[in-house]
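Below is one structure; the comments refer to it alone.
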Amino acid sequence: QVQFAESGGGLVQPGGSLRLSCAVSRTIFSLYAMGWYRQAPGKQRELVAAFTFGGNTNYADSVKGRFTISRDNAKNTVYLQMNSLKAEDTALYYCNTNPPRVGAWGQGTQVTVSS
């Protein structure tokens, strides 16, 4: 059973915006806090933005003020609004629980920031 289905990535110029979506299985969405992660070529996967179990949000320092995580409880979907994109944001973006469920990673969605 697919637990996370990411979409919304693409090629965007520096300074542009994208909104990523992640459809989550109902059970997972109702039981766990969700987060967005990314992995750039040659680098380890890192947490980008996440909800805590208490409902607060955490962001990597590199994306604070530019990215916003949100969710639609009716649709079991979590979003990542990315503004003022930079070349260093280029990566494969994944959603997963926070902390992440080992072995449950989806296919991810590629974000490429380039002129």
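The values are calculated or read from the model by the stated rules, or taken from the named source; none is laboratory data. If you're wondering where the values come from, they're calculated on a predicted model, not measured in any experiment. Glycine gets a Cβ as well: all are built from the backbone with ideal geometry, and neighbour counts include every protein chain shown. Surface areas here come from the heavy atoms of the whole protein model, side chains and all, with no ligands, DNA or RNA. Shrake-Rupley method; radii C 1.70, N 1.55, O 1.52, S 1.80 Å.
Set side by side, the residues Gly10, Gly55, Gly42 differ, and just one is of a type outside the set (S, T, N, Q) and under 13 Å from Gln110 (Cα atoms), which is Gly10. Number of residues in region 87-100 that are surrounded by 15 or more Cβ atoms within 10 Å (Cβ to Cβ) and more than 10 Å from the chain's Cα centre (by Cα) equals 6.
If you go through region 19-41 and keep only what is modelled with pLDDT of 95 or more, closer than 13 Å to Ala91 by Cα and not polar (S, T, N, Q), you end up with Leu20, Trp36, Tyr37, Arg38, Ala40. When the residues of region 56-69 are filtered to those that are in a loop (DSSP other than H, G, I, E, B) and in contact (Cβ under 8 Å) with a residue 24 or more places away in the chain, which remaining residue is most open to solvent (accessible area, probe 1.4 Å)? Filtering region 56-69 for residues that are in a loop (DSSP other than H, G, I, E, B) and in contact (Cβ under 8 Å) with a residue 24 or more places away in the chain, the one most open to solvent (accessible area, probe 1.4 Å) comes out as Ser62. Picking from residues in region 101-115 that are of a type in the set (Gly, Ala, Ser) and touching a Leu at 6+ places or on another chain (Cβ under 8 Å), the one that is surrounded by the most Cβ atoms within 10 Å (Cβ to Cβ) is Gly108. Within region 70-86, is there a residue that is open to solvent by 80 Å² or more (accessible area, probe 1.4 Å) and without any contact (Cβ under 8 Å) to a residue 12 or more places away in the chain? So far as region 70-86 goes, yes, one or more of its residues are open to solvent by 80 Å² or more (accessible area, probe 1.4 Å) and without any contact (Cβ under 8 Å) to a residue 12 or more places away in the chain. Sub-8 Å Cβ pairs linking a first residue in region 99-115 that is among the charged types (D, E, K, R) to a second residue that is not in a loop (DSSP other than H, G, I, E, B), at least 6 apart or interchain, are Arg101/Ile28, ordered by first then second residue. Considering Leu85, Leu92, the condition of being in contact with a Lys or Arg (Cβ under 9 Å, 6 or more places away or on another chain) and assigned to a loop (DSSP other than H, G, I, E, B) is satisfied by Leu85 alone.
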